[in-house]
Each structure stands twice: as structure tokens, then as C-alpha cells.
1. Condition test on Q88, is it closer than 29 Å to Q453 by Cβ and touching a residue at least 24 places away in the same chain (Cβ under 8 Å)?
2. On the basis of being charged (D, E, K, R), assigned by TED's automatic domain parsing to the domain that holds K347 and more than 16 Å from ligand 2 (Cβ to nearest atom), does E287 make the cut?
3. Being within 29 Å of the chain's Cα centre (by Cα) and surrounded by fewer than 18 Cβ atoms within 10 Å (Cβ to Cβ) is the filter here; which residues of the range 298-317 pass it?
4. Give L237, L266 a once-over and let me know the one that is closer than 30 Å to D213 by Cα, more than 13 Å from ligand 2 (Cβ to nearest atom), hydrophobic (A, V, I, L, M, F, W, C) and touching a residue at least 60 places away in the same chain (Cβ under 8 Å).
5. Give the residue, chosen from K326, K392, K401, K347, that is among the basic types (K, R) and at pLDDT 95 or above.
6. Please determine whether any residue of the range 167-181 is acidic (D, E), outside the structural domain of Y79 (by TED's automatic domain parsing) and under 12 Å from the mean Cα position of the chain (by Cα).
7. Within the range 279-296, how many residues are crowded, with 17+ Cβ neighbours inside 10 Å and either farther than 13 Å from T227 by Cβ or modelled with pLDDT of 95 or more (or both)?
8. Can you tell me which residues in the range 427-455 are over 24 Å from V173 (Cβ atoms) and without any contact (Cβ under 8 Å) to a residue 12 or more places away in the chain?
Amino acid sequence: MDRTIAAVATPLGEGGIGIVRLSGPEAVEIGDKIFRAQRGQKLQDLKTYRLRYGQIVDPTTDRQIDEALALVMRGPHSYTGEDVVELQCHGGIISVQAVLNLALRSGARLAEPGEFTKRAFLNGRLDLSQAEAVIDIIQASTSLGLEVAVDQLEGSLSRRIRDLQTRLYGVVVKVEASIDFPEEDLPEVDLLELEEALVISLEELANLLATADDGKILREGLKTVITGKPNVGKSSLLNKLLDENRALVTDIPGTTRDTIEEVINLQGVPLRLIDTAGIRESEDLVEQLGVARSLDLIQEADLILHVLDSSVPLSSEDHEILDKTKDQKRIILVNKVDLEPSWDMSKLGDLGDAPVLEISLVHQGHELVEQLGEAILSQVGSGAILSSAGSKALVTRTRHKHALLEAQQGLERALDTFRGGLPLDLIAVDLYEALEHLGEITGETVRENVLDQIFAQFCIGK
Ligand SMILES: Nc1nc2c(ncn2[C@@H]2O[C@H](COP(=O)(O)OP(=O)(O)OP(=O)(O)O)[C@@H](O)[C@H]2O)c(=O)[nH]1
Ligand SMILES: [Mg+2]
């Protein structure tokens, strides 16, 4: 962090303003090399959080590149905790790039993706779960997802983790104290307190883990795979839900070859809708590849929308798909009910608790979209998502979920040891392990390569 980094912080493209951001020990110095304030004042003499109007000038040729506002924010009270200069220029692809190049030629190094936020983390401005929330805010695809990410940035998850850590450190202190004394000497009440602290911590972990499925859906979207044999109306369903003619629809079976993915916002829940190639045996190589992809996607789906055609006889393909998806959350859509039926519902056999909807994608309009939306939300139990979001911390990342699961296992072992009447020092090992896993969430005990992976998901300039 001894180098000063620079990057364009605004999206690449035409816009009213484009911002080049500098952070590091020489941010102000480099700023002064390339920015000339209208009134001649140096950025160096500027108080923190002040703006100056002036020109960006190439110091080697004295040529003016753009006009700009320069903002100075001195560390440690800046986003990164370091000296930061933001040059607010005109938002053109060439102009912003030219200003960045000047900064690079004047001593800055191009920032890596997420490096500003990484520095904020390393300087203690944010913990790791808050840094992750920054990227979630930027990438949120619905307002509900945004709400949860903002709460996390504000510290909702960090606080829950810290409370857990504090309680467990209390247990560790007691356990270590007791190691110096024979167990009989530990007062009865302390032992009870110790057990209670473990039990409460396990409950808290279970509560957090219970939010992980909903949290993941909010952050990543609900992977919803539209499947069925050829020509049943899968692409028609995608188009209907998107309200646009996104996928080709024809009466030729095997129209869709590749997968088509689009995101829709279902009452705040991002739905990643994926239309797939109709599943059947085929001689055609391209179609075979499409079918293989469809089968893979079925495995990865959070929710299956299985479309059937009521106007043609049920076939072995329909039954195969029903069998493949029997353990998954699914909704069965019996389509084309406007046509003469060629089979009745009893033929479908036992479908567990999957809802079966009779629909006509050709004849039904918006009321069908609403009906489908409700069926989808009720199937994924996202009533819970909608009511829980915003009111408490949600575990939105798989990384956090795994850390919590590991911590849970450690604590369960500790409790077993305790209840088994084994020596207390055995508990300490498990407690330390649980604490270490909790520390991964906030970043106290996280490994360097994990950090790199996390910040690599950011955009450059954040
Ligand atoms: N009568 C009637 N025809 C429909 C209905 N839904 C879809 N179709 C027609 O069925 C044909 C196939 O529709 P698609 O949406 O392309 O079906 P698909 O399942 O995507 O087909 P593949 O991509 O070949 O697997 C088209 O001609 C649609 O217009 C419906 O509710 N009623
Ligand atoms: Mg299709």
C-alpha cells in the first residue's frame, strides 16, 4: 500500500461526469502535477473535503486535456483510509482515459479490481463482510437485494458475529481458568453458565444459517429452469414472463438449441429465468449438446418450471423429466388447454406437493403472469424472504454459510465434550476453531488468497 493507485471510478461510456480516483500517499502530489486550479491554489494547501475548479493539464506539454473539479479527502477519514483525490471530468471515453493516463504517467499505478475497497478493509475502515456488501450494493438486481446489502454494509451481520465472538471468548476465558484448577473446584453455577453460553451460541448460529437460503436467492437470484420436451411452449413461457419476444417460438419441435437466460424482478426477488432446449433423443449433434446442457441445468436449478402439452399424448420424455425433477422444487404447467385435450391429469401420477397449473400461453394474458408469480413465490417460500429482509441480518454468501457451518460443528463438538464430562481443556480446542471460522466472515482470520478472490469480483475503480 506504499504505492498510489488510480482508476476510473465511473462506468466506461458517455456520461455527464467521469471520475478518476487516486488513493495513496502521493495522491495529492500527483493531483497537483496534473490539475491546475483556476485561482492557482495547490491541492496540497486544500483542507480535506474541499473542491476546486480548474484544468487538467499535461505537465510535459502544458496542453489542456479537460476541465475538472478536484476533490481532496485526506486519510484516515476517507473511503480507503488514505489520502484520496477525485478528479471529476467530463464523462467521455477518451477524455476520462486521457486523465487516467496522465495520472499513471505522473507516478500512480493502475488499481486492481476492488483495490480501493481492499485498502479500506486493510486499513480497518470496513470489515470483510461490509466490504462484500459494497459489491452487493453495486450488483443488486432488486430493491430488496439492495436493502439487505445496505444493512450488511451498515454492520447488521458484523454485529451478530461480534456478539457471538464475545460470548464465546467469555467461555474460553472460563475454560482456560479452569484448566489451572481441578474441575471439582469450578463452582456448579459456572458450569451451568458455560453450558448455557454454548447452547445460546448454537441457537444463534442456527438462526443465522436459517436465513442462508433466502439470502442466497436475494443476492444471486433464483435459478429457475424452464424444462420440458420439445414444442410444449417453454420459449413461449419465457417470452410471456419477460413480456417481450426474447426467444424464437415456432411450431417446429427443437427450435431452441442453446439456453437463454434473463433476469426478472418478482416482487423484489430476482428470478434468473432460463429457457432450455426441449429434451428428447436426437440424431442432430447440435440438438444433443443442447439437451445435455438442459439436463445439467435441471441439476443446478433452485426451481423447475416443467411445461407439458395437454394437446399431444404424454410420452416417455415427459415421464423421464418428471422423474429427474422429483426431488426438486417444481411447478408443473399443463399448457395449451385451449386445444382439445389428449390426456387427463390422473395420467400424471403422484407429483408430491408440486402445484399443477393448467394454462394457455397463447390465450391468457397478464392474469397468467400474476398467477405464475404467486405460484413461484409460494413454492420457494419467499414470503419469508420478503418479510425477513430489512428487519434482520441475512446470510447472503456461500462463503459466510460455510464459515457458520464450520463454527457450528466446532461448537457442537465442544458441547458434546462438555456434556460427556471430559476434561475442559479439550473444549478449548474446538472453541478456538469455531472462533477462527467466525473470524473468516469479518476478515480477522481470513487467508490472503481468499481475500484476493473476494476483491477480484469487484469492478476496477471501487
Ligand atoms: N394453441 C396453443 N399453442 C401454443 C401455446 N403455447 C405455445 N403454443 C405454440 O406451441 C409451439 C411451440 O412453442 P415454443 O414456445 O416454441 O415451444 P418450446 O417448448 O420452446 O419448443 P422447443 O424450443 O422446440 O423445445 C408454437 O407454435 C407456439 O405458438 C398454447 O397455450 N396454446
Ligand atoms: Mg423453445
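1. no
2. The answer is no for E287.
3. Quick first cut of the range 298-317, residues within 29 Å of the chain's Cα centre (by Cα) only: 298-306.
Those that are within 29 Å of the chain's Cα centre (by Cα) and surrounded by fewer than 18 Cβ atoms within 10 Å (Cβ to Cβ): Q299, E300.
4. Details: L237 fails: more than 13 Å from ligand 2 (Cβ to nearest atom).
Matching residue, one of L237, L266: L266.
5. K401
6. no
7. 2
8. R447, E448, N449, D452, Q453
The values are calculated or read from the model by the stated rules, or taken from the named source; none is laboratory data. Quantities reported herein were computed from a predicted structural model and do not represent experimental measurements. Neighbour counts run over all protein chains shown; Cβ positions are idealised from the backbone, glycine included.
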